[in-house]
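Beneath this line is the structure, given in structure tokens, with notes to follow.
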Amino acid sequence: VQLQASGGGLVQAGDSLRLSCEASRRTASNNGMGWFRRAPGKEREFVAAVSWKGGSTIYGDSVKGRFTISRVYAQSSVHLQMNSLKPEDTAVYYCAVARGPYGSSDSSAYNYWGQGTQVTVSS
């Protein structure tokens, strides 16, 4: 399974961005999907995850209320709407496909990872 993430860029604090991730194989439609990020000099951080049907979502504490993850029922793509962006949101964002039908905040629950897309938020 190959994952292609897109939508990153350079924005100002308070702006919005929408990330998208498309999986190459239809089988990903039966799996949970998630987003993680890694800022320079920091460990990978969980951002959000969604179940295979799109009805169950979880978020990292730092993005709750600002980010929204979504997917169309049983499709192999996932989106991350990021509002009220802050400079501390600056990172490379990675999408991933989970081993099972639900997403997780644990990165070991994922077996396929995309190449990442850079998000830079200026103050």
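The values are calculated or read from the model by the stated rules, or taken from the named source; none is laboratory data. Note that this is a predicted model, so its numbers are computed, not measured. All Cβ positions, glycine included, derive from the backbone under ideal geometry; neighbour counts span all protein chains shown. Areas reflect the complete protein model, heavy atoms only, side chains present, ligands, DNA and RNA absent. Shrake-Rupley method; radii C 1.70, N 1.55, O 1.52, S 1.80 Å.
Between the listed residues W52, Y93, F67, the Cα displaced farthest toward the positive end of the dipole of the chain, a dipole computed from Cβ unit charges relative to the Cα centre, is found at W52.
Hey, got the dipole for the chain? About the Cα centre, +1 on K and R Cβ, -1 on D and E Cβ, debye to the nearest 20? Let's see the in-between values first.
Details: 13 positive and 8 negative charges, 61 e Å.
In total the dipole reaches around 300 debye.
Each Lys or Arg adds one and each Asp or Glu subtracts one; over the other residues with Cβ under 9 Å from the Cβ of G116, this totals +2.
I'd like the carbon and sulfur percentage of the solvent accessible area for the stretch 16-123, probe radius 1.4 Å, heavy atoms only, ligands and nucleic acids excluded.
C and S fraction of accessible area: 46 percent.
Note that the chain presents 50 Å² accessible area per residue, ligands and nucleic acids not counted, probe 1.4 Å.
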